[in-house]
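Okay, structure first, notes after.
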Amino acid sequence: MDRELIQSLAKDFESYAIEIDGVECWFARDLQTPLGYDKWENFYKVVQKAKIACENAGNIVADHFLDVRKMVDIGSQATREIDDIILTRYACYLIAQNGDPRKDEIAFAQTYFALQTRKQELLEERLRLAERLRAREKLITSEIELSKLIYERGVDESGFGRIRSKGDAAMFGGYNTRQMKYRLSIPQNRPLADFLPTVTITAKNLATEITNFNVQQQSLHGEPAITSEHVKNNAAIRKTLIERGIKPENLTLDDFERLLSDNLQRMLLE
């Protein structure tokens, strides 16, 4: 495939892209010719195969292939309505995978949309990492504030560890910090929060923020009083999560998210 054809095809794909609610899309009829199909009927058969592939992959077809009707100019200021399909980038990728591999256009499209899809995945990965990083930093800040508050009220560092662990037990259905690390196969020298999903990190932060507020507002002193407050707040947040169908102790990270947690740890230490 020569360089001119590659540049032409890339330009065509990019020029036909539209944006709907922030999602990059294409009209199937716009891609028909750039993908090397003269007749809509033949291209439509490829689209149908792509829909089947989409469904077999466990995706909702309507999320990626949206049937629409639109008006087109047929000359002499006349128009007529035709069927068309709005395609996501993933749908375009599936169409390319199910197209005629003998066509140079299809061969190019397979690589083009695969790369474009990967770029989107990388962007989403970075956003997920950034979201977890923000949540983790907030929890670190609130826990530092709690440690300062309780130190001023007669609780030492080991007492802070006990308070936090009992708060975790209230949050995680009876599992304290050490038990949760064992449950999630986390090294004991690593912070539990580094391996928790964003929703759980956020929940722990909210409970800690409430504890900080009430310790000051109610002038709480001593480990027993502050422990009781922290346990109550974690239990209250857990109750809300349970009511929404979320059991914090059952939320785990997949392999990808564990990689993010390692990146997160390195970023926090920099």
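Observations on the model:
- Whenever a residue of the stretch 173-185 is surrounded by 15 or more Cβ atoms within 10 Å (Cβ to Cβ), its partners that are aromatic (Phe, Trp, Tyr) and not in a helix (DSSP H, G or I), lying with C-beta atoms within less than 7 angstrom and at least six residues away or across chains, give the pairs MET180/PHE172.
- For the stretch 144-157, the set of residues classified as touching a residue at least 12 places away in the same chain (Cβ under 8 Å), part of a helix (DSSP H, G or I) and not charged (D, E, K, R) consists of LEU146, SER147, LEU149, ILE150, listed by residue number.
- Selection within the stretch 26-48 - in a helix (DSSP H, G or I) and touching a Gly at 6+ places or on another chain (Cβ under 9 Å): PHE43, VAL46
- Residue list for the stretch 158-173, restricted to those being of a type in the set (A, V, I, L, M, F, W, C) and either part of a helix (DSSP H, G or I) or out of contact with any Asp or Glu (no Cβ under 9 Å at 6 or more places or on another chain) (or both): PHE160, ILE163, ALA169, ALA170, MET171
This table checks each residue for (1) modelled with pLDDT of 85 or more; (2) loosely packed, with under 12 Cβ neighbours inside 10 Å.
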{"residue": "ALA107", "(1), (2)": "no, no"}
{"residue": "LEU115", "(1), (2)": "no, yes"}
{"residue": "ARG118", "(1), (2)": "no, yes"}
{"residue": "LEU127", "(1), (2)": "no, yes"}
{"residue": "ARG132", "(1), (2)": "no, no"}
{"residue": "LEU139", "(1), (2)": "yes, no"}
{"residue": "LEU149", "(1), (2)": "yes, no"}
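The values are calculated or read from the model by the stated rules, or taken from the named source; none is laboratory data. As the structure is a prediction and not an experimental result, all values here were calculated from the model. Cβ atoms come from the backbone with ideal geometry, glycine included; neighbour counts cover every protein chain shown.
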